[in-house]
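Novice: Below is a structure I'd like to ask you about.
The values are calculated or read from the model by the stated rules, or taken from the named source; none is laboratory data. The structure presented is a predicted model; accordingly, all values stated were derived computationally and were not measured. Positions of Cβ are generated from backbone atoms using ideal geometry, with glycine treated the same way; all protein chains shown enter the neighbour counts.
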Amino acid sequence: MISTTTALLGSLAVAGAASAAFSGNLNYASPSRRDVHAGLGIDVPLVSRRSVKRDGGGGAAAMPWKPEQLNFTHGVASGDPFPDSVILWTRIAPSAASDTSNVTVEGNVALYSHDTQTYIDANPHPVCVEWAVFTCGADGRAAADQAVVSSGKAYTTSDIDFTVKVEAGGLQPFTTYNYQFTVCGSDKKSALGRTKTAPTADADVEQVKLAVFSCSNYPSGYFNAYGNAARKDEHDYVVHLGDYIYEYKAGGERASAPPREIFTLYDYRTRHGQYRSDPDLQLLSQNWAWIPTWDDHEVSNNGYRDGSSGLNNTEESFIKSGGVSVDQRKMNAVRAYFEWLPIRQVDLDDNLRIWRSFQLGNLMDLVVLDTRNYDRSITSLDWNDEYIDLIRDDASRTLMGSHQENWFYNQLTKSQKRGATWRVIANQIIFSRIEESYGLSGDNWQGYTANRNRTLKHLYDNKINNNVFLAGDSHQNWVSDLAWLDEKPYDPVTGEGAIGVEFAGTAVSSTGVRGTLEYARKQAQYRVNNNTELQWQDGYYRGYFILAASHDRVEAKFYGSPSVASRNSWDLPLANFTVAAGGNKLDRPIGGGRVEAGYGKGLKTVPTNLTLNTETREWDVVGYNVMYLNTTAA
Ligand SMILES: [Fe+2]
């Protein structure tokens, strides 16, 4: 588990207490802390001095914004739960719009510098907020006698787009709390949030439930999956496997903001702001701690360490992008991501690092990977598929880079040694060997055969069992035994020989199979019949899954939204799978022998359309003809 410190920059002499409060906002340290690395991070003393000068010496506390001019523009959020602390997030600003300055990452400043142009046009006046964590009622609602168990004060400015991110410490493990922000010296309060800390590593935890999401494309459809999971209120934490935002330009009733493909810091901030304006995203953020990782679209489609499909480190693509280089774009995207997500800064010496792990009692280790942006070898970029075919088996190819890859294998070993029952790997892309009609993908684990083989060898050689891979990226559901074909015996009928399972989930709203349910089922049948370890597949429904882990088994329940072309609360149970501890394979019969949609080995597909309205709690037979929004409309 990673560690962070709450005492950031506390020794700064300038403006004493104000500096400490500035530093309480972790976003001033994002992605690096200035007291550790001069030249990196925001110059807190400068921001503080600037404020003092403008206020005629009144200090940062002499806040020029009147509370009535300010709003909590994008709700509240929490994330990265530890046993004794959690990250809290909000944005308090005079406007919902993001700061227009792109100056902060241009010019001759240090790499990844968050330093601000001296006395820039940015508004110098800081906004002060107090935050507090309260005891919570048994029902998760605010308790009448709520007691403050953790509190503090933080400032924010336009330098960090008026975002606030604090670490609330001194909390009890595996405990539900309420939290709230208040504008200093006023009764202007944010929405009341709810969150939950992690259990301690050695705690005997009976069950942990994760709601797992990926690929939430705002213009493609409504985030019904977020809203349904929030209203059902069945999970402990949210895991997002990436493509939390998309960088594209798109039209229609949820047209992208800004109305163009995004490249600059302003662009990425504005796009994050648009997504966080969604009421279903806000609801799920307000009441659960998120553990997110990113995939390509947080930066750019089919990204790797040095480029992406649309920005190829060539003169041509540089000019096409309006003069933003691959590296500059990545910095802009990373900075906005850290500002807008309730996530910890993992390693202050490694500002691109998001890979990290969580020990959730003696029940599971949740190992969160970055197979995308950190150090991936060249991927499929649309124009180079023949080249990728030639090099996919190259031994040097890596999805993670050697630093992360070695850490990953060590995490698996350590988890087994400490006796955690399950190893859950929160990963972006499909791990199982899936051959499509066009062949193998070059952009998932199949494009990096050596990396995949090293992973499987580590698991088999060290007899590391009870492994559960999670994946997103594909916009379809895929459930497989974790097998090493051609190397280890595997029986697809019984599952014998596997070393775990993979649950790869569909998108929240990004497009999957287009066409009818019947067409999608035929596609699924083709895929299941052509791929040995693939046991169930469906590409029609948008949705999410709930992973419930206890010591004797893991259960994965897949849910579909029947249409994301409207905001609705229909939640269709698609299929349930169980994995017995020590089994290292899906229980047979797969899915209990019967699923609602798609196609699976040796099981019946029975479409009932019997759907739960998560708003009214009533069941009804529901059908929609249109799944997605039209994004080409003006
Ligand atoms: Fe996606």
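Novice: Enumerate the pairs (first residue in the stretch 450-473 and β-branched (Val, Ile, Thr); second residue anywhere and modelled with pLDDT under 95 and crowded, with 21+ Cβ neighbours inside 10 Å) with beta-carbon separation below 9 Å, excluding pairs fewer than 6 apart on the same chain, so at least 6 apart or on different chains.
Specialist: From residues that are β-branched (Val, Ile, Thr), there are no pairs.
Novice: Please work out if Asp552 is without any contact (Cβ under 8 Å) to a residue 24 or more places away in the chain and either more than 23 Å from Gly592 (Cβ to Cβ) or surrounded by fewer than 24 Cβ atoms within 10 Å (Cβ to Cβ) (or both). Walk me through how you get there before you give the answer.
Specialist: Numbers: without any contact (Cβ under 8 Å) to a residue 24 or more places away in the chain: no; either more than 23 Å from Gly592 (Cβ to Cβ) or surrounded by fewer than 24 Cβ atoms within 10 Å (Cβ to Cβ) (or both): yes.
So Asp552 does not fit the description; no.
Novice: Residues that are basic (Lys, Arg): list the strands (runs of 3 or more DSSP E) wholly contained in the stretch 353-465 that include at least 1 such residues.
Specialist: Details: elements: 356-360, 364-368, 422-426.
Filter on the stretch 353-465 gives 356-360, 422-426.
Novice: Another question, then. Regarding the stretch 245-253, can at least one residue be identified that is within 19 Å of Ala96 (Cβ to Cβ) and either crowded, with 20+ Cβ neighbours inside 10 Å or within 16 Å of the ligand (Cβ to nearest atom) (or both)?
Specialist: Looking through the stretch 245-253, at least one residue is within 19 Å of Ala96 (Cβ to Cβ) and either crowded, with 20+ Cβ neighbours inside 10 Å or within 16 Å of the ligand (Cβ to nearest atom) (or both).
Novice: For residues that are more than 18 Å from the chain's Cα centre (by Cα), within 16 Å of the ligand (Cβ to nearest atom) and among the polar types (S, T, N, Q), tally how many sit in the stretch 196-238.
Specialist: The number of residues fulfilling the criteria is 1.
Novice: Give me the residue from the stretch 324-350 that is out of contact with any Lys or Arg (no Cβ under 9 Å at 6 or more places or on another chain) and not charged (D, E, K, R) and, out of that set, surrounded by the fewest Cβ atoms within 10 Å (Cβ to Cβ).
Specialist: Among residues in the stretch 324-350 that are out of contact with any Lys or Arg (no Cβ under 9 Å at 6 or more places or on another chain) and not charged (D, E, K, R), the one surrounded by the fewest Cβ atoms within 10 Å (Cβ to Cβ) is Ser325.
Novice: Which residue pairs have Cβ atoms closer than 9 Å, lie 6 or more positions apart in sequence or on different chains, and pair a first residue in the stretch 139-163 that is not assigned by the TED database to the domain that holds Thr73 with a second residue that is modelled with pLDDT under 85?
Specialist: Filtered contacts from the stretch 139-163: no entries.
Novice: Take the residues in the stretch 483-516 that are surrounded by fewer than 21 Cβ atoms within 10 Å (Cβ to Cβ) and among the polar types (S, T, N, Q), then tell me which one is nearest to the ligand (Cβ to nearest atom).
Specialist: Once the filter is applied, the top-ranked residue is Thr511.
Novice: Given the residues Ala229, Ala225, Ala191, Ala198, which is the only one that is among the hydrophobic types (A, V, I, L, M, F, W, C) and surrounded by fewer than 21 Cβ atoms within 10 Å (Cβ to Cβ)?
Specialist: Criteria check complete, one pass: Ala191.
Novice: Leu265 - would you say it is more than 16 Å from the ligand (Cβ to nearest atom), modelled with pLDDT under 95 and crowded, with 20+ Cβ neighbours inside 10 Å?
Specialist: On the way: more than 16 Å from the ligand (Cβ to nearest atom): yes; modelled with pLDDT under 95: yes; crowded, with 20+ Cβ neighbours inside 10 Å: yes.
It is true that Leu265 is more than 16 Å from the ligand (Cβ to nearest atom), modelled with pLDDT under 95 and crowded, with 20+ Cβ neighbours inside 10 Å.
Novice: In the stretch 460-477, what residues are hydrophobic (A, V, I, L, M, F, W, C) and within 16 Å of the ligand (Cβ to nearest atom)? Let's see the steps before the verdict.
Specialist: Narrowing the stretch 460-477 to residues hydrophobic (A, V, I, L, M, F, W, C): 464, 468-471.
Within the stretch 460-477, Leu470, Ala471 meet the criteria.
Novice: Report those strands (runs of 3 or more DSSP E) wholly inside the stretch 525-634 carrying at least 1 residues which are under 22 Å from Tyr226 (Cβ atoms) and within 27 Å of the chain's Cα centre (by Cα). Don't jump to the end; show me each part of the working.
Specialist: Working: elements: 534-538, 542-550, 553-561, 570-580, 610-613, 619-621.
In the stretch 525-634, 534-538, 542-550, 553-561, 570-580, 610-613 are the strands (runs of 3 or more DSSP E) which contain 1 or more residues that are under 22 Å from Tyr226 (Cβ atoms) and within 27 Å of the chain's Cα centre (by Cα).
Novice: Here is a follow-up. For the stretch 224-240, enumerate the residues that are under 12 Å from Asp571 (Cα atoms) and either without any contact (Cβ under 8 Å) to a residue 12 or more places away in the chain or not small (Gly, Ala, Ser) (or both). Steps first, please.
Specialist: Step one: of the stretch 224-240, the residues under 12 Å from Asp571 (Cα atoms) are 224-232.
Across the stretch 224-240, the qualifying residues are Asn224, Tyr226, Asn228, Arg231, Lys232.
Novice: Across the stretch 413-444, what is the total count of residues that are hydrophobic (A, V, I, L, M, F, W, C) and free of Cβ contacts under 8 Å to residues at least 60 places away in the same chain? Full working, then the answer.
Specialist: Step one: filter the stretch 413-444 for residues hydrophobic (A, V, I, L, M, F, W, C), giving 420, 422, 424-426, 429-431, 434, 440.
Narrowing the set further to residues that are free of Cβ contacts under 8 Å to residues at least 60 places away in the same chain leaves 425, 440.
Here the count works out to 2.
Novice: Out of everything in the stretch 118-171 that is among the polar types (S, T, N, Q) and at pLDDT 90 or above, what residue ends up being nearest to Gly193 (Cα to Cα)?
Specialist: As a first pass, look at the stretch 118-171 and keep what is among the polar types (S, T, N, Q): 118, 123, 135, 146, 150-151, 156-158, 163.
Those still in the list that are at pLDDT 90 or above too: 135, 150-151, 163.
Values: Thr135: 12, Ser150: 14, Ser151: 14, Thr163: 16 Å.
The residue in question is Thr135.
Novice: Mind counting the residues in the stretch 178-225 that are of a type in the set (Phe, Trp, Tyr) and outside the structural domain of Leu88 (by the TED database)?
Specialist: Residues of the stretch 178-225 of a type in the set (Phe, Trp, Tyr): 179, 181, 213, 218, 222-223.
Imposing the further condition that a residue be outside the structural domain of Leu88 (by the TED database) reduces the set to 213, 218, 222-223.
Going through the stretch 178-225 one residue at a time, the tally reaches 4.
Novice: Scan the stretch 488-510 for residues that are assigned to a loop (DSSP other than H, G, I, E, B), under 26 Å from Ala211 (Cβ atoms) and of a type in the set (A, V, I, L, M) and jot them down.
Specialist: Across the stretch 488-510, the qualifying residues are Ala498, Ile499, Ala507, Val508.
Novice: Which ones in the stretch 524-557 are in contact with a Gly (Cβ under 6 Å, 6 or more places away or on another chain) and closer than 27 Å to Pro219 by Cβ?
Specialist: Residues satisfying the conditions are Ala524, Gln537, Asp538, Gly539, Tyr541, Gly543, Phe545.
Novice: Separate question: Let me confirm something: among Ser437, Ser432, Ser480, which residue is crowded, with 24+ Cβ neighbours inside 10 Å, farther than 19 Å from Tyr544 by Cβ and more than 16 Å from the ligand (Cβ to nearest atom)?
Specialist: Details: Ser437 fails: crowded, with 24+ Cβ neighbours inside 10 Å; Ser480 fails: farther than 19 Å from Tyr544 by Cβ.
Of Ser437, Ser432, Ser480, the one residue that is crowded, with 24+ Cβ neighbours inside 10 Å, farther than 19 Å from Tyr544 by Cβ and more than 16 Å from the ligand (Cβ to nearest atom) is Ser432.
Novice: Considering only the stretch 141-185, give the strands (runs of 3 or more DSSP E) lying wholly within it that have at least 2 residues that are more than 26 Å from the chain's Cα centre (by Cα). Explain how you work it out, then say what you get.
Specialist: Numbers: elements: 148-156, 163-168, 176-183.
The qualifying strands (runs of 3 or more DSSP E) are 148-156, 176-183.
Novice: Do you know which of the residues in the stretch 268-294 that are crowded, with 24+ Cβ neighbours inside 10 Å and closer than 18 Å to His475 by Cβ is farthest from the ligand (Cβ to nearest atom)?
Specialist: Among those residues, the one meeting the criterion is Thr293.
Novice: Quickly run through the stretch 329-352 and pick out the residues that are part of a helix (DSSP H, G or I) and either within 14 Å of Asn373 (Cβ to Cβ) or β-branched (Val, Ile, Thr) (or both). It would help to see each step written out before you state the result.
Specialist: Within the stretch 329-352, the first condition is being part of a helix (DSSP H, G or I), and the residues that meet it are 329-340.
Those that are part of a helix (DSSP H, G or I) and either within 14 Å of Asn373 (Cβ to Cβ) or β-branched (Val, Ile, Thr) (or both): Arg329, Lys330, Met331, Asn332, Ala333, Val334, Arg335, Ala336, Tyr337, Phe338.
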